[in-house]
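Heads up, the thing below is written out as structure tokens.
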Amino acid sequence: LLRAICAFSNGPLGASAGILLIIAAYATIASLFVSWYVYDLSGLYRLDWLPDADDRYETIVNINAGFDETSAFLRARYKTAKLIVYDFYDSEKHTEPSIKRARQACPRYPDTKQISSIETDLQDRPADRIFLIMSAHEIRDERERTQFFGQLKRVLAPDGDLIVVEHLRDAANLLAYNIGALHFHSRKTWADTFAAAELSIK
């Protein structure tokens, strides 16, 4: 890389080409490093950030967009609960190429049920805890996203929790992922979605 930068810097394009190469190198290295930290070192998928498992949970629901690295960990943490796993991915609605690649790389958790983003087969209020870990941002349409969370509110027990984990479209993620951060939703967008679905933020 340094040789390439030096070669361009000494050529007709001058210092500008060298600066562009440095920026490109930073963008690549930064996103790889942050992804390694977030997904491999932080304990995100090991669920270390959750409170201790509670035997009072009878039904746990985990919802993904076809890339599921958490259901096995949830099964291990909530040993006595019934675990229901849903995949809401729809190739016509959710067209991001990266999610298609992820689906091919990650096998489905056993007994995963395919659902639409606005309908589940759960009856009213049987879910004690619902997880959406790095998946809900794939619902790009605001109306569809609001309907989706409205459905989740319907099936959530009165004292239940809906746990949403997402990157945000903010300055920190722009530094980390550059234009890739535009795929995330802003804090305001999430707050508006939850408010429209009549969900309160804890």
| Within the set of pairs 6+ apart or on separate chains, which have a first residue in the range 84-97 that is among the aliphatic types (A, V, I, L, M), a second that is at pLDDT 80 or above, and C-beta atoms under 6 Å apart? | ILE84/VAL61; VAL85/ASN62; VAL85/SER71; VAL85/TYR109; VAL85/THR112
| task | Quick one: which residue in ARG140, ARG125 is open to solvent by 40 Å² or more (accessible area, probe 1.4 Å), in a loop (DSSP other than H, G, I, E, B) and closer than 18 Å to ALA65 by Cβ? | result | ARG140
| remark: ALA157: passes all of (1) part of a strand (DSSP E or B); (2) under 22 Å from ARG46 (Cβ atoms); (3) not hydroxyl-bearing (Ser, Thr, Tyr) but (2)
| query | Name the residues in the range 138-162 that are hydrophobic (A, V, I, L, M, F, W, C) and more than 21 Å from HIS183 (Cβ to Cβ), would you? | reply | LEU152, VAL155, LEU156, ALA157, LEU162
| Matching residues, the range 172-202, being open to solvent by less than 40 Å² (accessible area, probe 1.4 Å) and either among the charged types (D, E, K, R) or more than 18 Å from the chain's Cα centre (by Cα) (or both) | ALA197, LEU199
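The values are calculated or read from the model by the stated rules, or taken from the named source; none is laboratory data. As the structure is a computational prediction, the values presented were derived from the model and not from experiment. Cβ sites come from the backbone with ideal geometry, for glycine too, and all protein chains shown count toward neighbours. To get the accessible areas, we keep the full protein, side chains included, count just its heavy atoms, and leave off ligands, DNA and RNA. Shrake-Rupley method; radii C 1.70, N 1.55, O 1.52, S 1.80 Å.
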